[in-house]
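Undergrad: To start, I am sharing the structure in question, which I have written as structure tokens.
The values are calculated or read from the model by the stated rules, or taken from the named source; none is laboratory data. Since the structure is predicted, the reported quantities are computational estimates derived from the model, not experimental observations. A quick note on method: Cβ atoms are made from the backbone with ideal geometry, for glycine too, and the neighbour counts reach across all protein chains shown. Just the protein is used for accessible areas: all its heavy atoms, side chains included, with ligands, DNA and RNA removed. Shrake-Rupley method; radii C 1.70, N 1.55, O 1.52, S 1.80 Å.
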Amino acid sequence: MIKTNNLNKTYGSLHVLKDINLAVAPCEIVTLVGASGAGKTTLLQIVGTLDTPDSGQVWINGKLTTEMNDKSLCEFRNKEIGFVYQFHHLFSEFTALENVMMPALIGGQSRKDAEKKAKELLDVMHLYERADHKPNQLSGGEQQRVAIARALVNSPSVILADEPSGNLDSKNAMELHEYFFKLRDTYKQTFLIVTHNEELARMSDRKIEMQDGKII
């Protein structure tokens, strides 16, 4: 589902990624671990088409993203990639339901279809009764579960998550991790997750460690 070939990335004199070769199978939950500065987030951003490598290729679901133009990348990103970050980045003026619907509406789905899928996902995340609440009326764990539902609304090929439980207490973090596996089983979803959480790394199907821009 995800494949990279000899990815390299530099920022000035700093060589952040060094010949990265990575493969993630469909329905696999893979965690990227390593010290801060190892290159994990940069790799995630390049896989997610938010940044470009200096050299190398990225395939997602059989598509070579590193040769797409900007317009094609925007459409591909909206349909094929879901993002979850450490901070939920929800729109404060919209309800949980409206936040989840947003990528579907941007992708051209009808409001009726977007609302139906968003309600289904909120129900799976045990948030159906909170659909009409705005972010400031939700707990931190609930806000992050809304963000995950939003990432899933377009039925993407992959979910990319950067420290998704890094802002949560241990109880909410564990609950969030369990949702990843539930969503994988329910929707046959593929996850690539950057984390410092050892418990999540142990739970994942495979843990990949990075150090100084390399997979070790």
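Undergrad: Using a 1.4 Å probe on the protein heavy atoms only, what accessible surface does T186 show? Give it in Å² to the nearest 10.
TA: Accessible area of T186: about 80 Å².
Undergrad: Taking 8 Å as the Cα distance limit and 6 or more residues as the minimum spacing, I'd like the relative contact order of the chain as a percentage.
TA: 32
Undergrad: Let me know the volume per residue of the alpha-carbon convex hull for the range 1-122, in Å³.
TA: Numbers: hull volume 17.5 nm³, N = 122.
Spread over its residues, the Cα hull of the range 1-122 gives 144 Å³ apiece.
Undergrad: Can you pull the one-decimal nm distance between simple spin-label points at C27 and S110, each 7 Å off the Cα toward Cβ?
TA: 3.2
Undergrad: While we're on this one: Given a 1.4 angstrom probe, I'd like the percentage of the accessible area of the chain that is carbon and sulfur, rounded to a whole number.
TA: Heavy-atom surface of the chain belonging to carbon and sulfur, 1.4 Å probe: 48 percent.
Undergrad: Quick one: if you stick a label point 7 Å off each Cα along the C-beta vector at S55 and E198, how many nm between them?
TA: Using points 7 Å along Cα→Cβ, the separation is 3.8 nm.
Undergrad: Rounded to the nearest whole Å², what accessible area per residue is found for the range 97-216 with the 1.4 Å probe?
TA: Working: 5650 Å² over 120 residues.
Using a 1.4 Å probe on heavy atoms only, each residue of the range 97-216 averages 47 Å².
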